[in-house]
Each structure stands twice: as structure tokens, then as C-alpha cells.
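Have a look at the structure below, then the notes.
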């Protein structure tokens, strides 16, 4: 595969999951669960709260919601987390997060349909 040269090519490679970028992101999170000292569910809830705080993209929610679901974190806990952090991050961030969560879940459904 040739290296993308132009900015649009580089952005496209990132959006398509270019391996070096994904490998870098993976390396950034290696051992963070163990180093955090948190149980797996608390760790995932903290990550989702952080996504809300930074107004993350739907793709970030998709990855983290998937991991949270695999670890048995119920959606009620995710909703409860949004309620708990609302006074800190504000209404605008919660509304933004909720819409991105819905989009992420929609992306997951579309991906599941494509796999079927």
C-alpha cells in the first residue's frame, strides 16, 4: 500500500482504519486498565464519561460502548453516568453525547446487517 500524500488522502486513510494509526491508538491503551486499579466496568464507565467531557465522535462511542457491552456494562449504567456527570459537563455536552450514542448504536446495527 502506498503512503497517502495529500491531506484528504491522509484523512481518508485514518477514517478507513489505517493500520499504523490503529496500532498507535492500541498501544496508547495497553495496560491502562491494570494501571488504573479499577474494575473493568468502572474503567469503561470512566472512559465513557471522558468521551462525553471531550465531546468525542460517534466512532469513539461505538468502540467504547462495544467494549462496555462485552464486559457486561448495562445501558442503564451508561445512562446513569450521563445523569451523574450532567451538572459538571453541562446540558449541551449531555445532549451532544446522547445524539452521538444513538448514532454509534445505529452504526453498530448497520455494521451487523452488513455482516449478516
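The values are calculated or read from the model by the stated rules, or taken from the named source; none is laboratory data. As the structure is a prediction and not an experimental result, all values here were calculated from the model. Every residue, glycine as well, gets a Cβ built from its backbone with ideal geometry; the counts of neighbours run over all protein chains shown.
Please go through the range 48-64 and give me each residue that is under 8 Å from the mean Cα position of the chain (by Cα), at pLDDT 90 or above and in a helix (DSSP H, G or I), ordered by number.
48, 51, 64
Yes or no, residue by residue, for (1) in contact (Cβ under 8 Å) with a residue 12 or more places away in the chain; (2) in the same structural domain as residue 59 (by TED's automatic domain parsing); (3) part of a helix (DSSP H, G or I); (4) under 17 Å from residue 60 (Cα atoms):
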| residue | (1), (2), (3), (4) |
| --- | --- |
| 72 | yes, yes, no, no |
| 85 | yes, yes, yes, no |
| 94 | yes, yes, yes, yes |
| 97 | yes, yes, yes, yes |
| 100 | yes, yes, yes, yes |
| 103 | yes, yes, yes, yes |
| 107 | yes, yes, yes, yes |
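Can you find even one residue in the range 22-38 that is closer than 25 Å to residue 98 by Cβ, exposed (fewer than 12 other Cβ atoms within 10 Å of the Cβ) and modelled with pLDDT under 90?
yes
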